[in-house]
């Protein structure tokens, strides 16, 4: 990429207090059981009440985060809105399908149908902003956020003075959680405080919305630079993963010793965590590493929260207290994020101050 | 009319409104309750579900959905016809 990609502002609604006035990242909010739930703001202070009545939870989470992010950036009208979501608007889909069965495919109400499509969040953001610019939603399971971000990076590389709003959102609904639980993905009686050390089968389900205002214009107001992002699919073994990480850094002319912090996608599942544990003892041996899924849980677009966390660390020049790791010593200038979803979708992000 | 108002509130998810907040003759669309074309579809479904009335002529819509009173009158007239 010829042009640099900067993060001008960030916003996130997550199971921690990460949004707006209630932002408090010192203390970890604890969750017990098998899932996390987002801490949501009072949406009546953000949206017109007439809009809210048609917005399901995921739409409110996504749109509120996008609006807050844009507000912080000072950009009034983004040149593009890019959204990643693996599951889309599940609650509305569930309402629509339930009515379809109950009413025997007759007398179906339009709202749940209209709002059940995956691109509803991106569309709602555009409607609120009255933004007629490029708008795309990416639904690629564990690469949904990465695909949205890649599109953003390509747009920023191809155009001058461009501002792009990109992010990801996914929700847990009762139905989706029940179905996913049947696959044995989650622990039964877990606690997020010791999730990353649990080393047993399964993880905790998570959800969240994170948006980023990205620009190719250099400014002291930018909070970080998104140096690079890469994905790889179903690596053969840990050695291949290791090679991919090394090549990724070499491509960016970055030495492992330049990395001040590595954020890993550990989620407490013994099968999935093997690769993280191996890397911590091999290429990341002398690097400071932290996890983040004890904050937000596991979901296909959790990497958006990881990028939010990395940006927050670079902006504040310290690791927030809720991560639960004391980071002393040299200032954090370069962060590498490595994550995999279900050992299938692997992604790498390199951010710098 | 109170029952009809309750049904409208549920169907359109007007959480902040109580039946008494909706005037009998208050316009439902634009300057009144501020409903829009999607709400019109929801109201058509409501008539079908609750009162088994199919609005066959689209031109009747603006008259029928003028206010809660016009809706109630339309429902009564339809029920009287059936009897």
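The values are calculated or read from the model by the stated rules, or taken from the named source; none is laboratory data. Keep in mind it's a predicted model, so treat the numbers as computed, not measured. Please note: Cβ atoms are built from the backbone with ideal geometry, for glycine as well, and neighbour counts cover all protein chains shown.
Worth a mention:
- Pairs, first within 13 Å of another protein chain (Cβ to nearest Cβ) in the range A:27-50, second surrounded by 13 or more Cβ atoms within 10 Å (Cβ to Cβ), C-beta under 6 Å, six or more apart: A:43/A:52; A:43/A:60; A:50/B:34
- Of residues in the range A:79-113 being assigned to a loop (DSSP other than H, G, I, E, B) and at pLDDT below 90, the one surrounded by the most Cβ atoms within 10 Å (Cβ to Cβ): A:109
- Residues (in contact with a strand residue (DSSP E or B) (Cβ under 9 Å, 6 or more places away or on another chain) and assigned to a helix (DSSP H, G or I)) located in the range A:166-184: A:176, A:177, A:180, A:181
- Among the criteria (1) touching a strand residue (DSSP E or B) at 6+ places or on another chain (Cβ under 7 Å); (2) more than 23 Å from residue A:233 (Cβ to Cβ), the one residue A:285 does not fulfil is (1).
- Apart from one condition, residue A:68 fits all of (1) in a helix (DSSP H, G or I); (2) within 14 Å of chain B (Cβ to nearest Cβ); (3) closer than 19 Å to residue A:120 by Cα; the exception is (2).
- If the condition is being in contact with a helix residue (DSSP H, G or I) (Cβ under 8 Å, 6 or more places away or on another chain) and within 11 Å of another protein chain (Cβ to nearest Cβ), then the range B:45-58 contributes B:45, B:46, B:47, B:50, B:54.
- Sole exception among (1) surrounded by fewer than 13 Cβ atoms within 10 Å (Cβ to Cβ); (2) within 11 Å of another protein chain (Cβ to nearest Cβ) for residue B:14, by number: (1)
- Test for residue B:64: is it surrounded by 17 or more Cβ atoms within 10 Å (Cβ to Cβ), farther than 17 Å from residue B:6 by Cα and in contact with a helix residue (DSSP H, G or I) (Cβ under 7 Å, 6 or more places away or on another chain): yes
Conditions (1) in contact with a helix residue (DSSP H, G or I) (Cβ under 8 Å, 6 or more places away or on another chain); (2) buried (at least 19 other Cβ atoms within 10 Å of the Cβ), marked per residue:
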{"residue": "A:269", "(1), (2)": "no, yes"}
{"residue": "A:280", "(1), (2)": "no, no"}
{"residue": "A:291", "(1), (2)": "yes, yes"}
{"residue": "A:313", "(1), (2)": "no, yes"}
{"residue": "A:318", "(1), (2)": "no, no"}
{"residue": "A:321", "(1), (2)": "no, no"}
{"residue": "A:324", "(1), (2)": "yes, no"}
{"residue": "A:333", "(1), (2)": "yes, no"}
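- Residue identified as within 25 Å of residue A:117 (Cβ to Cβ) and buried (at least 21 other Cβ atoms within 10 Å of the Cβ) among A:224, A:209: A:209
- Residue match in the range A:142-158 (condition: over 22 Å from the mean Cα position of the chain (by Cα), under 20 Å from residue A:37 (Cβ atoms) and without any contact (Cβ under 8 Å) to a residue 12 or more places away in the chain): no
- Every listed requirement among (1) under 15 Å from residue B:17 (Cβ atoms); (2) touching a strand residue (DSSP E or B) at 6+ places or on another chain (Cβ under 8 Å); (3) within 9 Å of chain A (Cβ to nearest Cβ) is met by residue B:28 save one, (3).
- Selected residue (only one of A:295, A:314 is touching a residue at least 40 places away in the same chain (Cβ under 8 Å), outside the structural domain of residue A:88 (by TED's automatic domain parsing), touching a strand residue (DSSP E or B) at 6+ places or on another chain (Cβ under 6 Å) and in a helix (DSSP H, G or I)): A:314
- Within the range B:1-11, the residues that satisfy the criterion of being in a helix (DSSP H, G or I), over 24 Å from residue A:114 (Cβ atoms) and either touching a residue at least 40 places away in the same chain (Cβ under 8 Å) or within 14 Å of chain A (Cβ to nearest Cβ) (or both) are B:4, B:5.
- Evaluation of residue A:188 against the conditions (1) in a loop (DSSP other than H, G, I, E, B); (2) closer than 21 Å to residue A:309 by Cα; (3) more than 19 Å from the chain's Cα centre (by Cα) shows that the sole unmet condition is (2).
- Restricting attention to the range A:114-145 and to residues that are assigned to a helix (DSSP H, G or I) and within 14 Å of chain B (Cβ to nearest Cβ), the residue that is surrounded by the most Cβ atoms within 10 Å (Cβ to Cβ) turns out to be A:120.
- Meets criteria (at the interface with chain A (Cβ under 10 Å from one of its Cβ atoms), outside any loop (DSSP other than H, G, I, E, B) and out of contact with any strand residue (DSSP E or B) (no Cβ under 6 Å at 6 or more places or on another chain)) for residue B:75: no
Residue by residue, here is whether (1) surrounded by fewer than 22 Cβ atoms within 10 Å (Cβ to Cβ); (2) within 28 Å of residue A:324 (Cα to Cα); (3) not assigned by TED's automatic domain parsing to the domain that holds residue A:76 holds:
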residue: A:171; (1), (2), (3): no, yes, no
residue: A:180; (1), (2), (3): yes, no, no
residue: A:185; (1), (2), (3): yes, yes, no
residue: A:192; (1), (2), (3): no, yes, no
residue: A:196; (1), (2), (3): yes, yes, no
residue: A:203; (1), (2), (3): no, yes, no
residue: A:234; (1), (2), (3): yes, no, yes
residue: A:237; (1), (2), (3): yes, no, yes
residue: A:250; (1), (2), (3): yes, no, yes
